[in-house]
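Comments concern the structure below.
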Amino acid sequence: MASSSHCFFVVSVALLLQFLVSPASALTLTSTQYIDKLCQMSFINDKPFCLQTLSAYPAAASATDLLPLATAVISGIVLPQAQKSASFAEGVSKKEPSFKACQDAFVNIGKSLQSAVGELKASLETANYDVMVCTDQTTKVADLIGKNQDADSKTLMGMTMQMNKLIRLGVAATQVLGG
């Protein structure tokens, strides 16, 4: 009798684990498919970077649909980089006032990205435009830095290059939704 109740317990646990593990692996498969779809968009020119970046960000990796993925990309990946860049540029502009325009450009990127997140449900074309115009701001920063070779300029240029790569993810996030 003890043997049959032990066997029943083992079988019950095995069945329970199957139900618990199955949805988790299905979620992973689904979110992986969404990430793959986003990274296949035409605006993505570095697919390994796209896959690696999105897979490493928990909100993107666990997205249950394309809209939550797009929201995670823009508000959770691209926007924080713009804010970090604006903060760094603010510090640099305190030492060298000519860099204030770089700070303003990154602040404008942040505003455009916030607007894009708000438009994802209402107007995909507007959301796409809001993200696309961010490249105008990164071009402005690159032009302002020019050929400066000081450490702050190099750091800002590196941040600008990274911002450009992330903006591509944001544009693809709106494109994958049909924007």
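Assorted remarks:
- Of the Cα atoms belonging to region 20-162, the radius of gyration and Dmax stand at 17.2, 58 Å.
- Stretchable slack from S55 to T32, in nm (0.36 nm times residue separation minus alpha-carbon distance): 7.5 nm
- Label point 7 Å beyond Cα of S98 along Cβ direction - residues of region 149-169 with amide nitrogen under 16 Å: 149-157
- Listed residue pairs exceeding 26 Å between alpha carbons, taken from K37/K165; K100/K121; K37/K84; K94/K154: K100/K121; K37/K84
- Counting beta carbons within 10 Å around each of D130, D46, D104, D143 and listing the fewest first gives the order D143, D46, D104, D130.
Rule-based calculations on the coordinates, nothing more; no lab input. Just so it is clear, the structure is predicted and the values come from calculations on it, not from any experiment. Note that we place each Cβ from the backbone using ideal geometry, even for glycine, and neighbour counts take in every protein chain shown.
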